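Right, one structure below, let's go through it.
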Amino acid sequence: MPNLIRRRTVCGIGSATLAFVLLTAAPALSEGGPARGEQAFKKYAACHAMQSGEKKATGPNLFGVFGRKAASAPDYKFSEAMKKSGIVWDEATLDAYLTDPKKNMPGSKMAFPGLPKADERAGLIAYIKLKK
């Protein structure tokens, strides 16, 4: 029995856990992850800040957006659609929103048409997630 257990773990990590980590990390790594996301963010940089305390005239600061309720950033006047959305920003909600902001949240102020390429969105989300 001990040999069976030893074969099912790698460095004390169960094989199911290891498989999950590898499968969920692989897309971000293969698609450029945060480095690619930093490039993608340049499309948003005119409207959004990414450093703590930095302000832009057009959009809210995205520093620390992960885990934050939509429309809760200080010093920005959000649309009623965003205020009423009830969204808490995470990978899934950002991915859906960034695909097509106007379609996924009618009435929001976001003028950007979205990022149709999944790998570009994944990189951008990885980059945004690091900013906390």
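The values are calculated or read from the model by the stated rules, or taken from the named source; none is laboratory data. Remember, it's a predicted structure, so these values are computed and weren't measured experimentally. Glycine gets a Cβ as well: all are built from the backbone with ideal geometry, and neighbour counts include every protein chain shown.
Any idea which of Asp90, Asp75 is surrounded by fewer than 16 Cβ atoms within 10 Å (Cβ to Cβ) and at pLDDT 95 or above?
The unique qualifying residue is Asp90.
If you take the residues of region 16-48 that are buried (at least 18 other Cβ atoms within 10 Å of the Cβ) and of a type in the set (A, V, I, L, M), which of them is modelled with the highest pLDDT?
The extreme case among them is Ala40.
For region 94-125, enumerate the residues that are closer than 19 Å to Glu38 by Cα and hydroxyl-bearing (Ser, Thr, Tyr).
Selection gives Tyr97, Thr99.
Scanning region 60-72 for residues that are touching a Gly at 6+ places or on another chain (Cβ under 9 Å) and crowded, with 17+ Cβ neighbours inside 10 Å, which turns out modelled with the highest pLDDT?
Ranking the candidates gives Ala70 first.
So that you can scan it fast, the table gives a plain yes or no per residue for (1) of a type in the set (A, V, I, L, M, F, W, C); (2) over 17 Å from Leu62 (Cα atoms); (3) assigned to a loop (DSSP other than H, G, I, E, B):
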position	(1), (2), (3)
Asp75	no, no, yes
Ala81	yes, yes, no
Ala92	yes, no, no
Lys102	no, yes, no
Ser108	no, no, yes
Arg121	no, no, no
Tyr127	no, no, no
Lys132	no, no, yes
